[in-house]
């Protein structure tokens with residue numbers, strides 16, 4: 001089945017979505033979360049998982065991947081840890097085969113080479129090879145989590161491109177997408193006006209470029 005709002009979001013870049021979030025006063029830009037390749041793009045609904053420090057005896061890092069619906073984005077909250085990974089080549093291979101849209105990690109991943117080869121989008125705060133096994137364990141799935149200082153709830157739309165990751169809260173997704181599409185149209189009009197010979201200053205003024213992201217109450 002086609003998810004119309006995911007399709008709409010997939011047509012927009014994260015910069016435009018970011019401006020729309022600003023316009024509506026929403027925090028959805030995942031700070032310091034970057035793609036393993038600038039060629040990566042993704043859009044899908046969040047499937048969430050929270051990690052915590054390993055107990056005694058240690059729990060596992062999870063065998064959840066076959067439970068993730070096709071088209072979803074796997075969203076892993078590892079508390080920003082940069083000393084242990086929670087995603088590697090086996091997960092990449094299975095996720096790619098199962099049609100998962102991508103993976104976002106508040107933390108780091110390893111085995112970058114395979115995600116590049118398979119063109120499977122992975123977004124994280126960096127990469128390093130040390131395993132998370134016996135260092136972290138699954139606390140819960142299907143709950144609100146944190147990614148780069150952004151709250152992500154199951155089912156939120158998550159989008160990524162070369163600039164990073166944005167999250168569109170489910171309760172406001174229609175308003176965010178409407179605003180983003182208007183911003184996209186205005187910016188395309190500015191580009192076209194500049195190509196036709198208008199000065200950039202004139203084109204921007206005509207289409208209110210400097211207020212496109214400003215909340216209506218302040219615009």
Checking residue 100 against (1) more than 22 Å from residue 31 (Cα to Cα); (2) surrounded by fewer than 24 Cβ atoms within 10 Å (Cβ to Cβ); (3) under 14 Å from the mean Cα position of the chain (by Cα), which single condition isn't satisfied? (2)
When you scan the range 43-66, how many residues do you find that are in contact (Cβ under 8 Å) with a residue 12 or more places away in the chain and within 17 Å of residue 93 (Cβ to Cβ)? 5
The number of residues in the range 183-204 that are surrounded by 15 or more Cβ atoms within 10 Å (Cβ to Cβ) and touching a residue at least 12 places away in the same chain (Cβ under 8 Å) is 8
Would you pick out the residues in the range 88-100 that are in contact with a helix residue (DSSP H, G or I) (Cβ under 9 Å, 6 or more places away or on another chain) and either at pLDDT below 95 or not in a helix (DSSP H, G or I) (or both)? 88, 98, 100
Quick check on my filter: what residues within the range 114-126 are in contact with a helix residue (DSSP H, G or I) (Cβ under 8 Å, 6 or more places away or on another chain) and either assigned to a helix (DSSP H, G or I) or not assigned by TED's automatic domain parsing to the domain that holds residue 41 (or both)? 114, 115, 118
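The values are calculated or read from the model by the stated rules, or taken from the named source; none is laboratory data. Only a predicted model underlies this, so the values are computations on that prediction, with no experimental measurement involved. For neighbour counting, all protein chains shown are included, and Cβ atoms are generated from backbone atoms with ideal geometry for every residue, glycine included.
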